[in-house]
Amino acid sequence: QVQLVESGGGLVQPGGSLRLSCAASGSIFSVATMGWYRQAPGKQRELVATITNDGITDNADSVKGRFTISRDNAKNTVALQMNSLKPEDTAVYYCYLRFMSFVSWGQGTQVTVSS
C-alpha cells in the first residue's frame, strides 16, 4: 500500500518559481523510481521528470534547464523545483511511483502560470 500526497501548487506569474513536494508512505519508496507528470486541459498526460532510487535524473526537453527533480529517501519525499515558469507550464502536476510492475499516482496539484 502506497499513498502519494502532492503539495506546493498555486498561481505564479511568468518567470516566477514554485517548488512542488510529494510525500510517500511505505518502505517501497527507497527502491522505487519517482517522477512528476503533468496534464493540461485538452492534452494528454506527459512526463516531466524522473529520478531513480539511486538518484539518476531525466527531464523532458520542454523543462530542461528550468526544472530540477530531487529526492530525500530519509524523509520519503520527492520535490520538483520549477524556475522560469511559462504559461505553457500550466497544468495539474502528478507525483508518480514505480517499482517493477507496481505503479502509484498522487491526486495532483494545480499549477497556474499567468500574469
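No lab work stands behind these numbers, since they all come straight from the coordinates. These figures come from a predicted structure and were not determined experimentally. Using ideal geometry, Cβ is built from the backbone for each residue, glycine included, and neighbour counts are taken over all protein chains shown.
In summary, the lysines within cross-link reach of residue 64, defined as a Cα separation below 24 angstrom excluding same-chain residues under 8 places away, comprise 43, 86. Net charge near residue 32: determine it from the other residues with C-beta under 14 Å of the C-beta of residue 32, scoring Lys and Arg +1 and Asp and Glu -1. For residues surrounding residue 32, the net value is 0. The phi-based Karplus calculation (6.51 cos²θ - 1.76 cosθ + 1.60; θ = phi - 60°) puts the 3J(HN,Hα) values of region 95-106 at 7, 9, 10, 9, 9, 6, 8, 8, 10, 9, 10, x Hz, whole numbers, x for Gly and Pro. Each Lys and Arg adds +1 at its Cβ and each Asp and Glu adds -1 at its Cβ; summed about the Cα centre, region 19-115 shows a dipole of about 140 debye.
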